[in-house]
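Trainee: The structure that follows is given in the form of C-alpha cells.
We did not get these values from a lab; they are worked out from the coordinates using the rules stated. Every value quoted in this text rests on a predicted model; they were computed, and no experiment measured them. In this analysis, Cβ positions are derived from the backbone assuming ideal geometry, glycine residues included, and neighbour counts consider all displayed protein chains.
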Amino acid sequence: MRAIYRCTICGAYTENSIHCGSPAKLVIDGYLRSKLSHLMTYLLRHNPKVINLLMDNEGWVGIDELVTQ
Ligand SMILES: [Zn+2]
C-alpha cells in the first residue's frame with residue numbers, strides 16, 4: 001500500500017511525495033497504512049464489540065466514535 005502525504009502548499013492529501021511542485025509531508029507510510037486498514041476492517045466488519053464500537057441499526061459507525069475508540 002502506498003504512503004499518504006499532505007501537500008505543504010495546498011493542504012491536499014495525496015499518494016505522491018511531490019505536490020504543487022514541492023515535497024509533501026509524510027502523514028503515514030505504506031506499511032502502517034496497510035496495518036491500520038486491516039485493523040479497521042476487522043473492527044468494522046467482524047468484531048466491533050471488542051472495542052465497544054456503537055453501530056446504528058444499519059451498521060454505520062460515526063467517524064468520531066471510531067477515532068476515539
Ligand atoms: Zn498541493
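Trainee: To the nearest 10 degrees, how steep is helix 30-41 against the longest Cα principal axis of the chain, on a 0 to 90 scale?
Mentor: Here the helix axis deviates by roughly 20 degrees.
Trainee: Just from the alpha-carbon atoms, what are the Rg and Dmax of the chain in angstroms?
Mentor: Just the Cα atoms of the chain yield Rg and Dmax of 15.5, 46 Å.
Trainee: Using only helices, what value at 222 nm comes out for the chain when you add -39,500 (n - 2.57) per DSSP H run of length 4 or more and divide by the total residues, to the nearest 500 deg cm²/dmol?
Mentor: The per-residue figure over the chain is -7500 deg cm²/dmol.
Trainee: Can you pull out the chymotrypsin sites (Phe, Trp or Tyr not before Pro) in the range 19-69 whose DSSP state is coil and whose Cβ has at most 16 other Cβ atoms within 10 Å?
Mentor: Qualifying residues, ordered by number: TRP60.
Trainee: A further question follows. Restricting to DSSP loop positions (anything but H, G, I, E, B) with no more than 15 other Cβ atoms inside 10 Å of their own Cβ, which trypsin sites (Lys or Arg not before Pro) remain in the chain?
Mentor: Sites meeting the loop and neighbour criteria: ARG2.
Trainee: Which whole-number percent is the relative contact order of the chain (Cα, under 8 Å, 6+ apart)?
Mentor: Answer for the chain is 23 percent.
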